[in-house]
Structures are given as C-alpha cells and as structure tokens.
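Peer 1: Mind looking over this structure? Questions follow.
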Amino acid sequence: MLRSVLACTSISLVAAAAWCGEEIPHPARVATLELEASLAKKPGVYLVLDTERRSLEIRARGIVLDSVALTGIELVAQQPLFGGAAPTTLPLPALWTVESGPGDTDREVIAPELLRPYVSEDEEEEETTEDEAEPRRSAPTPSPTPVREPPTSYRARLDSGWDLWITEQLPATSFWGQLKAAVADGWLRLRGRGPHLSPALAVAMKGEDARRLHHLLRAGMPILLPAALQ
Amino acid sequence: MTTDLRLFAEEPSPQRPQGRTTWVIVAALVGAAVVASGVTAVLAKLGRPLTAMPLLVVSGGGESGEPGRLSKRAAQAAAALDRQRPRGVWLTIDTHRNRLLVFKNGELVRSAICSTGTGIVLRDPRNGREWVFDTPLGERAIQHKVRNPVWAKPDWAFIEEGLEPPTDPNERFDSNSLGDYGLYMGDGYIIHGTLFKTLLGRRVTHGCIRLGDEDLEFVYRNAPIGSRVYLY
C-alpha cells in the first residue's frame, strides 16, 4: 500500500503523459482517461477495476490511495449443469455505479431502550458520596459495542444490472465441483429456498483485502473499468 | 435326550442363509446406488449452480477519429487530471486499517496509527432519529486548527449513554476529551487526541479521527489550513 501511495501518481497519468507524445492514443484509452478525469473532478473516492492488470485500485482526484491484487476475475451466473454457457461481451471502458452494497446494508444498529433524565455534574456530586462517585462523565467512553469483522464474500448491486461479487474463492470449475454445487442448489430449490442471483463480475482476492473493501461498496460508489488492450 | 437331538436337527444349515444375506445386501446396495444416482440426477437437473461464463472483453466506447484530435483529447484529459492532484502537504486516512499518512510533495513524512468510526447506527428511542458513526469517505480539507479544543457534545453523545440531552447548552461543553489540538474538516469531523490510547488502531469513534499525542502534534504543526485529507 505504501508503495502505491508513495508513487501517488496514477497509472493513467503516466500513461497519459506517454500518449501525449508522438504515439497515437487508442480511442478506448482516450475514453478511459476522459472518464477518469470526469470522476476526479468530484471529491469522492472511486474504484478502478483493471481486468487486464488484475487489480482494483482505490483512487481520489487521480491519485492511487490503495491497491488490491486480484487472484481471479470471472463472470459468473446461475446456469443449468448441462447447458452451454454463452459468452458475454464486456465493452470497455465502462463506468458503473454501486446501487446498493454491504456498506449500506450490513450495519449494526444500537438503541437504548429508555433514556434517563440528564443530571448535571454539580447535582450529581451533591447526591453521591466520594465512594460512590463515578468517573467524570464528560470523558468519552470507549465504544461499548465491539465492531464486527466484515465478511470475505459479499455482493454489491450495480447499475449495469450485474453484481460485483467480492470473494475469497471463485466457484468450482471442475465437473465434480459443479455437480456438487448443482445437487446442493437443486436440494434448496426442491424446498423452495433456491437463491436467485444476478449475473456477477466475480473478483477474487485475499480475505483481508475483501474485508477492507467492504465499507467502500455503498450506494453511489463509481467503478471505472478501463479499456483492456492486448 | 431325544428332544435335544430334534432341536439340533431342526437348526438351519449355516451355509444357505449366509449366501442369501449376501445377495440381499448386494441387491440393496445396487438399489440404493440406483436410487441415489436418480436423486442426484434429478437434483442436478433442478439445480442452477454458479457457473463461470466466458467473458469477452472488447475495447469500445471511444470514437475513432483523426489522430491529431485523439492526441488533443488525451492531452486535455491528462491535464484535467493533473490539475486535480494535491500539492504540498496532504493526508490519507485508511479507515479499515486505521492508518493516517502525511505526505509532503509526494513523499511520506509520517505514518500514524489512528482510530476511526465504527460504522454503527445509533437510534434515538424517543423519535427513531438515527446517526451513523461513519468516518466520511472522499476528499476533505483542514478548515481550521485549534489548540485545546472544546467539544460541544451533540445529542447522540448523551443518547448513546442512555441519557436525555441536557436542556442547558452549558452542560454540553467538554474540554477534556479532544486532546491538545483539533484539526476541523467540516460537518463536525475533527482530527483530535484521545484519552483512550489503548484503543488507537481500532474502529471505535463516532466518525472523528483520533490520534496519539505526538502524532497529533506533528499533524497540527505540519498540515497547514487547506491541506487536503483523503479518507477511504
């Protein structure tokens, strides 16, 4: 992370500098640069999911704040076991926005059942003896509720109609793995509990990386997918 | 004696049933296998497992035009991006790892452990009003700096402790909790000190950034007003 922050110059800026030379830039890359320039005008954080370099970067104002290495990228959808999976085309560059994500929904709510009337410190001192006196109340107390550790697998709904699925492990691709998953899913459907999941761009990464992205996937978070040119 | 012999004679031969039992077991196993295969096939047919689909990435989205025009567009976009980059001193705050970094002209000059917001939602039992204890994301700027800051406790500070907020505004002021310095980023978000040093490095705050004494003094002395702060 330190290195990426230290560099502090976004890849697009470096690339842009190169393009400004004699080389003729590819139209898709120019479009990528323009999309990022429009995002960088706003003060918000945005994500850059680079399918070519297999990285997910957290950026703001064109600088890379943090970077996550991806161990896999796949498009996954619920399909019958015996049926061809049609290829899906992903035109890049693309700019997606999170419609709802775990950063919005996966929150703990605390609420005291009843509020006691406030008693000023002066009144309190009069009422209590020295032995009973509590520590000074004006001091903030440590958070009484321990914060839950975010999960390593979760989905965010995107405006493209797809989901972004952050996971530690992509679904099994072997026949036996698929068969096992099909039987398990079939059993759930037989009991009317089968999940209906949107097609998802699944990105696999280390568990710790998945945890630290959890709070960023909230409504309105832009995700830029730059053009991939071989 | 006769009875005993008869009983002995009536005892079944040990050979014949054993062979029959074996056949029964084999037949049962084959039957179970057939049934299990059938059930597996039916369930597999019913199931819709998550399947990886071939993803064809194509480059599009850009109009192909004159090379000169493309180069000009690229240069304009690059310049627009460059204008947005921070200069001088800026701070980054990683709200998951609870790390605050100070950069000066692109070089890291300080790395500090901080505390950030819990992300917990507090609900007022009287009217259902809610507060989200999030450290905000995105860019902010240090708007002003204060020595020995005083905290004007908002309603949530009392409600969280199970108390009704006081009617006398003077009961809200607290000069002990924020440490020696406060760097205000707007909307009530402050970089300040803490009485609870052991909680540094954890998500325990109501959205503010807490720092240890030495780190807070460093940030106060080195981050001028207007310094940008990137929270993520």
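The values are calculated or read from the model by the stated rules, or taken from the named source; none is laboratory data. Only a predicted model underlies this, so the values are computations on that prediction, with no experimental measurement involved. We place every Cβ from the backbone using ideal geometry, glycine too, and count neighbours over all the protein chains shown.
Peer 1: Given the condition at pLDDT below 90, more than 17 Å from the chain's Cα centre (by Cα) and at negative phi, answer yes or no: does some residue in segment A:221-228 qualify?
Peer 2: yes
Peer 1: I'm checking my understanding of the structure. Among residues of segment B:153-179 that are surrounded by fewer than 16 Cβ atoms within 10 Å (Cβ to Cβ) and closer than 21 Å to residue B:213 by Cα, which one is nearest to the other protein chains (Cβ to nearest Cβ)?
Peer 2: B:176
Peer 1: What number goes with the only condition from (1) within 22 Å of residue B:229 (Cβ to Cβ); (2) hydroxyl-bearing (Ser, Thr, Tyr); (3) more than 18 Å from the chain's Cα centre (by Cα) that residue A:67 does not pass?
Peer 2: Against the list (1) within 22 Å of residue B:229 (Cβ to Cβ); (2) hydroxyl-bearing (Ser, Thr, Tyr); (3) more than 18 Å from the chain's Cα centre (by Cα), residue A:67 comes up short only on (3).
Peer 1: Additional query: In segment A:182-209, what count of residues is obtained for those that are small (Gly, Ala, Ser), more than 8 Å from chain B (Cβ to nearest Cβ), without any contact (Cβ under 8 Å) to a residue 60 or more places away in the chain and not in a loop (DSSP other than H, G, I, E, B)?
Peer 2: 1
Peer 1: Looking at (1) within 8 Å of chain B (Cβ to nearest Cβ); (2) under 29 Å from residue A:111 (Cβ atoms), find the lone condition where residue A:152 falls short.
Peer 2: Answer for residue A:152: the failing condition is (1).
Peer 1: Of all residues in segment A:188-230, how many are of a type in the set (Gly, Ala, Ser) and touching a helix residue (DSSP H, G or I) at 6+ places or on another chain (Cβ under 7 Å)?
Peer 2: Of the residues in segment A:188-230, 3 are of a type in the set (Gly, Ala, Ser) and touching a helix residue (DSSP H, G or I) at 6+ places or on another chain (Cβ under 7 Å).
A quick yes/no check of all residues on (1) of a type in the set (Ser, Thr, Tyr); (2) assigned to a loop (DSSP other than H, G, I, E, B); (3) touching a helix residue (DSSP H, G or I) at 6+ places or on another chain (Cβ under 9 Å):
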site	(1), (2), (3)
B:157	no, no, yes
B:170	no, no, no
B:188	no, yes, no
B:191	no, no, yes
B:195	no, yes, no
B:201	no, yes, no
B:214	no, no, no
B:218	no, no, no
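Peer 1: Name, by its number, the condition in (1) more than 8 Å from every other protein chain (Cβ to nearest Cβ); (2) surrounded by 15 or more Cβ atoms within 10 Å (Cβ to Cβ); (3) farther than 17 Å from residue A:218 by Cβ that does not hold for residue B:127.
Peer 2: Result: residue B:127 passes all but (2).
Peer 1: Consider residue B:109 carefully, then state whether it is β-branched (Val, Ile, Thr), more than 9 Å from chain A (Cβ to nearest Cβ) and in contact with a helix residue (DSSP H, G or I) (Cβ under 8 Å, 6 or more places away or on another chain).
Peer 2: Yes, satisfied.
Peer 1: Shifting gears a bit: Do we have any residue at all in segment A:58-70 that's at negative phi, among the hydroxyl-bearing types (Ser, Thr, Tyr) and surrounded by fewer than 20 Cβ atoms within 10 Å (Cβ to Cβ)?
Peer 2: No, every residue in segment A:58-70 fails to be at negative phi, among the hydroxyl-bearing types (Ser, Thr, Tyr) and surrounded by fewer than 20 Cβ atoms within 10 Å (Cβ to Cβ).
Peer 1: Tell me, which residue of segment A:93-115 that is over 30 Å from residue B:163 (Cα atoms) and out of contact with any Ser or Thr (no Cβ under 6 Å at 6 or more places or on another chain) is surrounded by the most Cβ atoms within 10 Å (Cβ to Cβ)?
Peer 2: A:101
Peer 1: Ok, one more. Looking only at residues that are of a type in the set (D, E, K, R) and part of a loop (DSSP other than H, G, I, E, B) in segment B:117-146, which one is farthest from residue B:209 (Cα to Cα)?
Peer 2: B:126
Peer 1: Does segment A:96-136 hold any residues that are among the charged types (D, E, K, R), over 30 Å from residue A:213 (Cα atoms), assigned to a loop (DSSP other than H, G, I, E, B) and at pLDDT 80 or above, and which are they?
Peer 2: Hit for segment A:96-136 is A:113, nothing else.
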